[in-house]
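Heads up: the structure comes next, in structure tokens.
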Amino acid sequence: MGVIKDRFKAKGDIISAEIKELLKEHGNKVIGEVQLYQIYQGMRGMTGLVTETSLLDAQDGIRFRGYSIPELQEKLPKAPGGSEPLPEGLFYLMLVGELPTEDEANHLSSVWQRRSHVPNHVFATIEALPISTHPMTQFVIAIMALQTESAFAKKYAEGMAKKDYWEAVFDDSMDLIARLPRIAAYIYRRKYKGGQHIQPNGLLDWAGNFAHMMGYSNEDVHELFRLYMTIHSDHEGGNVSAHTTHLVGSALSDPYLAYSAGLNGLAGPLHGLANQEVIKWIYEMQEHLQTNLPSSEQIKEYVEKTLNEGKVVPGYGHAVLRKTDPRFEAQMEFGKKHLPDDPLVQTIWNVYETVPPILQSLGKVKNPWPNVDAHSGALLVHYGIVEYEFYTVLFGVSRSLGVLASLCWDRVLNFPLERPKSVSHRQVKKWLNGEEEIWGD
Ligand code: CMX
């Protein structure tokens, strides 16, 4: 643990000094311009954040510290006999900015194993909830219960110096990431498997152990989890879960508070909950059409029905991307390799052929292509993980890697409280009439 912490701090000090110099010299440089529509429409394309861990290009898709998903699959350390990247390696890359060696990734696996103990009151809190509670709600409440363990909160209360914030955030982030699979698996086994819990396997990697504790020992599922936990981890800084974690963290709310806030955003159907909505929508389509393998014509008919009812087609569209999501493609490759004949997976591919031209024909959808959520559920269903209300929890466990690595960077770089300016509509109208300026505090 000491090694990765020291490396991170050394990098942080270098970048911190660079930013100081850069702002001294260039702090007044204008970067882009803000148009009126952007402040009414979700600040699309408005640059306003610095995020180290990954960068999203509308055409090229996500790059983690410059590496595309296929590059990560090639370059990151793997589990013995496996071919998918270990998420531990990706976390190291996002945090330290360098590809880890196999030993460094394995070291992280054992650090997280050592730190994975979840206190009993967290399980008791979960047990106090009605079993019908949505898994994401159970997950967030459990993390709030775990906040009793926050080193940052304790040290802050004792009077921690500003220069030490980063270390407490780092320690909390490591503890939290280490504990999430146990909590998530507990919720899964409680809700869907009669409360028959499975003890962790100390010999497995983080993602493999997560699958194991959920009850899946098949090596293909462990590989899927390694891929899944890697590709869902980060998507630049402006998406709802990353931005929320960053924003809440900027108030010096500890990592438990900040990450659970981000998860509440992930639980929205336009963001992470879309992964459950996709499978729900496919099942409803199968039911409506009375077939498990609908033809392209039948899918077209059902997509049109969905749109005519004033609903969105889940899993399609994106606020930034303007092409098929590379995370969709990575899952498609996994499907081609491991389960090419699965009827549900074939339906997902058929939907992929059918939906984009229909969305394009509406003339208003900026991105008619599939996003990450369009594919993930079908792979999980194949291996028996059919409980689709749980899917966003899987996304959330993975997302911890990116947003908590970013939170460590926020504190080591000493980023201040985030506080953008807002305006009222009345003020905008006055400004357009030349009656009032809207700039200022
Ligand atoms: N189906 C139907 N209509 C869609 C659509 C879809 N999949 N995607 C966009 N549109 C519509 C929008 O609802 C909007 O309609 P109105 O002008 O009538 O309000 C119009 O097209 C323009 O939207 P946009 O600029 O293309 O998209 P946004 O940046 O506003 O929103 C997103 C992006 C993802 C919320 C949207 O594409 C969507 O609702 N998709 C379905 C839900 C989904 O898959 N979300 C998961 C995203 C990935 C993730 O975060 O996990």
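The values are calculated or read from the model by the stated rules, or taken from the named source; none is laboratory data. Since we're looking at a predicted model, the values are computed, not measured. Here the Cβ is made from the backbone with ideal geometry for all residues, glycine too, and neighbour counts use every protein chain on show. Side chains included, ligands, DNA and RNA excluded: accessible areas come from the protein's heavy atoms. Shrake-Rupley method; radii C 1.70, N 1.55, O 1.52, S 1.80 Å.
Find the accessible area per residue for the stretch 243-301; the probe is 1.4 Å, ligands and nucleic acids are left out, and the unit is Å². Kindly include the intermediate steps, with their values, before the conclusion.
Details: 2400 Å² over 59 residues.
Each residue of the stretch 243-301 exposes 41 Å² on average to a 1.4 Å probe.
Relative to one another, the C-alpha centroids of the stretch 324-356 and the stretch 170-216 are positioned 28 Å apart.
Within the stretch 274-382, all pairs of alpha-carbon atoms sorted by distance into 10 Å bins from zero give the percentages 15, 51, 30, 3. When the pairs Lys9/Lys78; Lys280/Lys300; Lys29/Lys163 are compared against a 19 Å limit on Cα-Cα distance, Lys9/Lys78; Lys29/Lys163 fall above it. In the calculated pair-distance distribution of the chain, the portion above 34 angstrom amounts to 34 percent of the Cα-Cα pairs. Taking a ≥ b ≥ c as the square roots of the eigenvalues of the Cα gyration tensor, the stretch 1-75 is oblate, since a/c reaches 1.5 or more and a/b is not larger than b/c. Rounded to the nearest 20, the Cβ-based charge dipole of the stretch 274-382 about its Cα centre (Lys and Arg +1, Asp and Glu -1) stands at 440 debye.
Straight-line cross-link reach from Lys305 at under 19 Å between alpha-carbon atoms covers these aspartates and glutamates, not counting any fewer than eight positions away in the same chain: Glu277, Glu284, Glu287, Glu297, Glu353. Per-residue SASA remark: His107, around 70 Å² accessible (1.4 Å probe; ligands, DNA and RNA not included). Element breakdown for the chain at a 1.4 angstrom probe: carbon and sulfur atoms account for 53% of the accessible area.
For Leu55, project a label point 7 Å along Cα to C-beta. Then give me every residue of the stretch 1-40 with its amide nitrogen under 17 Å of that point. From the stretch 1-40, the list is 15, 19, 31-32. Centre-to-centre, using Cα atoms only, the stretch 86-158 and the stretch 1-40 are separated by 27 Å.
Ignoring aspartates and glutamates fewer than eight residues from Lys11 along the same chain, the ones with Cα atoms less than 12 angstrom from its Cα are Glu52, Glu98.
What ranking, highest mean first, results for peptides 314-323, 363-372 when packing means the other Cβ atoms within 10 Å averaged over each residue? Show your work: numbers first, answer last.
Working: 314-323: 20.4, 363-372: 17.7.
Output ranking for 314-323, 363-372: 314-323, 363-372.
Placing +1 on the Cβ of every Lys and Arg and -1 on the Cβ of every Asp and Glu, with nothing else charged, gives the chain a dipole about its Cα centre of roughly 820 debye.
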